[in-house]
Amino acid sequence: MTELAFTRTTAERRSQAERDAILADPGFGNYFTDHMASIVWTKADGWQNPEILPYGPIQMDPASSVLHYGQEIFEGMKAYRHADGSLVAFRPEENARRLNESARRLSLPEIPVELFVEAVRELVTIDADWVPSGADQSLYLRPFMIADESFLGVRAAERARFLVIASPAGPYFTGGVKPVSIWLSETHSRAGRGGTGAAKCGGNYAASLLPQSEAAAQGCQQVLFTDSATDDTIDELGGMNLFLVRADGTLLTPRLNGNILNGITRKSLIQLAKDRGHAVEERDITVREWRAGAADGSITEAFACGTAAVITPIRELKTADFTIDFGEAAPGAVTLALREELTGIQFGTREDPHGWIDVLVEA
Ligand code: PLP
Ligand code: COI
């Protein structure tokens with residue numbers, strides 16, 4: 001543990017009846033718990049003043065760097081309620097490490113991994129009643145960091161703030177594991193060589209909103225981006241990594257090419273698939289290969305994965321010129337088996353062979 005101790009200012013924003021009504025059907029990202037965690041950083045004094053505060057607006061000088069140059073990074077993770085009443089996180093240190101990789105790219109300060117996990121633990125402890133217990137429900141946690149120095153010169157800010165907020169969540173896509181349609185963006189790129197594609201920074205998501213609305217206009221739930229250099233090599237979806245499954249059980253997923261997010265779900269699924277005897281190829285995959293493989297029957301399944309999406313089967317990839325449609329074959333058997341395995345570990349109904357579960361609050 002760090003020597004920094006959190007001070008706690010508590011407040012109950014909602015009655016138990018209001019909370020129960022929200023937890024019965026939270027959707028995704030609509031409601032927030034009673035508290036938030038906050039830690040301040042200055043270049044001169046480092047990390048200081050860790051606090052649990054009532055959830056609410058944060059005050060910021062209008063000249064704060066984040067408002068002008070977008071110096072912001074975030075994480076997405078979940079707390080799960082196990083049957084014995086304990087509250088757990090899935091590989092939280094991986095989120096802390098990835099936040100620090102994003103911090104390096106965005107010239108923000110790195111935060112000690114233990115301090116990150118402690119902030120999450122403090123928040124989940126105080127808002128424990130907000131962790132839902134329904135099927136496929138969890139408490140979505142959103143750690144993020146903003147630069148809040150008031151200075152208009154373009155340089156790395158010397159003041160920043162790390163916060164964690166929490167939101168009770170059901171499935172990201174309405175319809176649960178219902179297979180989704182995705183749209184190939186042929187006019188916009190998400191990332192390019194040397195850019196910020198591998199960082200989890202707000203700007204990447206701002207840039208994905210126009211292509212995402214184009215996808216929605218085509219009746220699709222997510223947008224697929226290709227490498228801007230080839231317009232054919234698959235990168236990832238707006239907010240998820242992508243896997244294809246071959247008829248022989250081999251999993252294919254784009255390699256970490258510096259432009260895509262190093263997904264913790266992706267990494268975990270690669271391990272679980274190997275444990276189950278699947279071959280896994282992390283390499284360049286093209287839309288052309290997917291199209292040809294679906295046509296000749298050698299590629300039989302596709303799925304999206306991420307903290308919010310968990311594992312979401314993909315039914316079809318639509319493009320301006322053609323559609324790759326798995327039809328009634330989606331969701332495929334490999335997709336469903338991996339989903340069951342992963343969620344079983346997260347929700348505590350299956351063994352956790354790799355020690356990925358971290359108990360935040362004991363039963
Ligand atoms: N790719 C992008 C662009 C994302 O936003 C996410 C979600 O966090 C992922 C991939 C999946 O990452 P993870 O599995 O760590 O949630
Ligand atoms: C997550 O999965 O945590 C993300 O940040 C992606 C977004 C679609 C909510």
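Every number in this text was worked out from the coordinates using simple rules, so none of it is lab data. Keep in mind that what you see is a predicted model, and the values were worked out from it rather than measured. Note that we place each Cβ from the backbone using ideal geometry, even for glycine, and neighbour counts take in every protein chain shown.
Check the stretch 19-40 and report whether any residue there is within 16 Å of ligand 1 (Cβ to nearest atom), out of contact with any helix residue (DSSP H, G or I) (no Cβ under 6 Å at 6 or more places or on another chain) and within 28 Å of residue 174 (Cα to Cα). Checking the stretch 19-40: at least one residue is within 16 Å of ligand 1 (Cβ to nearest atom), out of contact with any helix residue (DSSP H, G or I) (no Cβ under 6 Å at 6 or more places or on another chain) and within 28 Å of residue 174 (Cα to Cα). Filtering 303, 326 for residues that are in contact with a Pro (Cβ under 7 Å, 6 or more places away or on another chain) and of a type in the set (Phe, Trp, Tyr) leaves a single hit, 303. Filtering 194, 175 for residues that are farther than 28 Å from residue 336 by Cα and either polar (S, T, N, Q) or more than 15 Å from the chain's Cα centre (by Cα) (or both) leaves a single hit, 194. In the set 253, 265, which member is part of a strand (DSSP E or B) and either farther than 27 Å from residue 186 by Cβ or of a type in the set (Ser, Thr, Tyr) (or both)? Within the list 253, 265, the selection yields 253. Here residue 285 meets each of (1) within 16 Å of ligand 1 (Cβ to nearest atom); (2) within 30 Å of residue 30 (Cα to Cα) with one exception, condition (2).
When residue 250 is tested against (1) buried (at least 21 other Cβ atoms within 10 Å of the Cβ); (2) of a type in the set (S, T, N, Q); (3) without any contact (Cβ under 8 Å) to a residue 60 or more places away in the chain, just one condition goes unmet, and that condition is (1). Residue count for the stretch 297-356, restricted to those that are within 16 Å of ligand 1 (Cβ to nearest atom), closer than 18 Å to residue 81 by Cα and hydroxyl-bearing (Ser, Thr, Tyr): 2. For the stretch 137-159, the set of residues classified as charged (D, E, K, R) and within 16 Å of ligand 1 (Cβ to nearest atom) consists of 142 only. Are any residues in the stretch 151-182 more than 26 Å from residue 112 (Cβ to Cβ) and either among the hydrophobic types (A, V, I, L, M, F, W, C) or not in a loop (DSSP other than H, G, I, E, B) (or both), and if so, which ones? Those that are more than 26 Å from residue 112 (Cβ to Cβ) and either among the hydrophobic types (A, V, I, L, M, F, W, C) or not in a loop (DSSP other than H, G, I, E, B) (or both): 152, 154, 168, 169, 173, 177, 180, 181, 182.
Name the residues in the stretch 183-225 that are more than 14 Å from ligand 2 (Cβ to nearest atom), part of a loop (DSSP other than H, G, I, E, B) and of a type in the set (S, T, N, Q), would you? Once the filter is applied, which keeps residues that are more than 14 Å from ligand 2 (Cβ to nearest atom), part of a loop (DSSP other than H, G, I, E, B) and of a type in the set (S, T, N, Q), the stretch 183-225 yields 185, 187, 189, 196, 218.
Of all residues in the stretch 37-72, those being in a helix (DSSP H, G or I) and more than 24 Å from the chain's Cα centre (by Cα) number 2. Whether a residue is touching a helix residue (DSSP H, G or I) at 6+ places or on another chain (Cβ under 9 Å) and either assigned to a loop (DSSP other than H, G, I, E, B) or basic (Lys, Arg) (or both) was assessed, and residue 97 passes this test. Being part of a helix (DSSP H, G or I), out of contact with any His (no Cβ under 6 Å at 6 or more places or on another chain) and within 27 Å of residue 137 (Cβ to Cβ) holds for only one residue in 11, 21, and it is 21. For the stretch 289-327, the set of residues classified as without any contact (Cβ under 8 Å) to a residue 40 or more places away in the chain, surrounded by 18 or more Cβ atoms within 10 Å (Cβ to Cβ) and part of a strand (DSSP E or B) consists of 324 only. Note on the stretch 73-92: residues that are within 14 Å of the chain's Cα centre (by Cα), away from ligand 2 (no atom under 12 Å from the Cβ) and of a type outside the set (A, V, I, L, M, F, W, C) amount to 2.
Can you find a residue that is β-branched (Val, Ile, Thr) and under 15 Å from residue 324 (Cβ atoms) anywhere in the stretch 240-258? Yes. In this structure, is residue 257 within 25 Å of the chain's Cα centre (by Cα), within 10 Å of ligand 1 (Cβ to nearest atom) and surrounded by fewer than 22 Cβ atoms within 10 Å (Cβ to Cβ)? No: the conditions fail for residue 257.
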